[in-house]
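**Student:** Here it is: the structure, laid out below.
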Amino acid sequence: MDTAVHTSASLVGSASAFDAVLFDCDGVLVDSEAITCGVLRDMLEELGWSLSLAECMERFVGHTVRSRWDLVQAHTGVPFRESWLHDFFARRNARLEAEVQAMPHIHAAVAHLHQRLQGRIACASGADRHKVELMLARVGLKPHFDGRIFSGHETPRSKPFPDVYLAAAAHLGVDPRRCLVIEDTPVGVTAGVAAGATVWGYATLGQDQSLREAGAAQVFADMRDLLL
């Protein structure tokens, strides 16, 4: 339960002034990126490419593994195999099921916007649907997004292309230009901007500049700012 008092607003304007809010998932709704990249790091080491967790996150956060396999093959000589990807998904999902947590104060922010916008919020992720639904259910956020979860695996192109955000806006019946997107990576910010939405960057790891350079209109570091 988010009970702490928060008094410092870092954002100009209110999230609920938009007609809809579209959330990325990993790193925005759930604290999952270090878990996923930890599994990926271990499996890449098994292929012969040793990386620190920080190095793995720098190279892969915001991207699908499939889209970055040219990088993997350059370091390992191993061609892409669907069987390897399925094994990665299984090991990743087991870790997420056991360990994933919600981002701080996100429950209050999501509940507030769900009420203020009469349900016009959505989760638009570059990840596969099973992963997104597993994580949202695990942290108790799924009821706020039932019927409004969109996966880049189910659109013609995933992020940094705008397809998943356009699909979410169309489903909600809202002009993308009246949507606010919440993103934590330059890849995701690029997707939201390409969709025509206003993007606010959620920066907890000191990546403010990269988010702004990708097109984020504002950057913030506390989900309680979305309550204001």
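The values are calculated or read from the model by the stated rules, or taken from the named source; none is laboratory data. Computed from a prediction, not measured in an experiment: that's the story for all the values here. Methodologically, a virtual Cβ is constructed for each residue, glycine included, from the backbone with ideal geometry; neighbour enumeration extends over all protein chains shown.
**Student:** When you scan region 182-190, do you find a residue that is charged (D, E, K, R), buried (at least 17 other Cβ atoms within 10 Å of the Cβ) and free of Cβ contacts under 8 Å to residues at least 60 places away in the same chain, even just one? Steps first, answer last, please.
**Tutor:** Of region 182-190, the ones charged (D, E, K, R) are 183-184.
Going one step further and asking which of them are buried (at least 17 other Cβ atoms within 10 Å of the Cβ), we end up with 183-184.
Going one step further and asking which of them are free of Cβ contacts under 8 Å to residues at least 60 places away in the same chain, we end up with none.
No - not one qualifying residue is present in region 182-190.
**Student:** If you don't mind, there's one more thing I want to ask. Scan Val78, Val5 and give me the residue that is modelled with pLDDT of 95 or more and farther than 24 Å from Val189 by Cβ. Break it down into steps so the answer makes sense when it comes.
**Tutor:** Working: Val5 fails: modelled with pLDDT of 95 or more.
Answer to the selection: Val78.
**Student:** Of the numbered conditions (1) at positive phi; (2) touching a Gly at 6+ places or on another chain (Cβ under 7 Å), Thr76 fails exactly one; give the number of that condition.
**Tutor:** It fails just one condition, (1).
**Student:** Tell me, yes or no, whether region 201-212 has at least one residue that is touching a Phe, Trp or Tyr at 6+ places or on another chain (Cβ under 9 Å), assigned by TED's automatic domain parsing to the domain that holds Ala108, closer than 19 Å to Asp19 by Cβ and crowded, with 24+ Cβ neighbours inside 10 Å.
**Tutor:** No, that holds for no residue.
**Student:** Tell me which residues, restricted to region 55-83, are part of a helix (DSSP H, G or I) and within 18 Å of the chain's Cα centre (by Cα). Before you say what the answer is, go through the steps one by one.
**Tutor:** First, pick out the residues of region 55-83 that are part of a helix (DSSP H, G or I): 55-60, 66-76, 82-83.
Result: Cys56, Met57, Glu58, Arg59, Phe60, Arg66, Ser67, Arg68.
**Student:** Taking region 180-228, which residues are closer than 13 Å to Met103 by Cβ, part of a helix (DSSP H, G or I) and in contact with a Leu (Cβ under 6 Å, 6 or more places away or on another chain)?
**Tutor:** Correct list: Asp225 only.
**Student:** Same structure, new question: For Gly62, are the conditions met, namely being out of contact with any helix residue (DSSP H, G or I) (no Cβ under 7 Å at 6 or more places or on another chain) and at pLDDT below 95?
**Tutor:** Answer is no for this residue.
**Student:** Mind telling me which of the residues Pro162, Pro143 ends up being farther than 17 Å from Glu33 by Cβ and either of a type in the set (Phe, Trp, Tyr) or out of contact with any helix residue (DSSP H, G or I) (no Cβ under 6 Å at 6 or more places or on another chain) (or both)?
**Tutor:** Values: Pro162 fails: either of a type in the set (Phe, Trp, Tyr) or out of contact with any helix residue (DSSP H, G or I) (no Cβ under 6 Å at 6 or more places or on another chain) (or both).
None of the others qualify; the one that does is Pro143.
**Student:** Only one of Lys142, Lys131 is basic (Lys, Arg), within 22 Å of Asn93 (Cα to Cα) and crowded, with 20+ Cβ neighbours inside 10 Å. Can you tell me which? Reasoning before the result, please.
**Tutor:** Values: Lys142 fails: crowded, with 20+ Cβ neighbours inside 10 Å.
After applying the criteria, what remains is Lys131.
**Student:** List every residue pair whose Cβ atoms sit under 8 Å apart, with the two residues 6 or more apart in sequence or on different chains, where the first one lies in region 38-59 and is among the polar types (S, T, N, Q) and the second, anywhere, is surrounded by 13 or more Cβ atoms within 10 Å (Cβ to Cβ).
**Tutor:** Close Cβ pairs satisfying both conditions: Ser50/Leu44; Ser52/Arg41.
**Student:** Could you list, in sequence order, all residues of region 84-118 that are assigned to a loop (DSSP other than H, G, I, E, B) and either crowded, with 20+ Cβ neighbours inside 10 Å or in contact (Cβ under 8 Å) with a residue 12 or more places away in the chain (or both)?
**Tutor:** First, the residues of region 84-118 that are assigned to a loop (DSSP other than H, G, I, E, B): 100, 103-105, 117-118.
Val100, Met103, Pro104, His105, Leu117 - these are the residues of region 84-118 that are assigned to a loop (DSSP other than H, G, I, E, B) and either crowded, with 20+ Cβ neighbours inside 10 Å or in contact (Cβ under 8 Å) with a residue 12 or more places away in the chain (or both).
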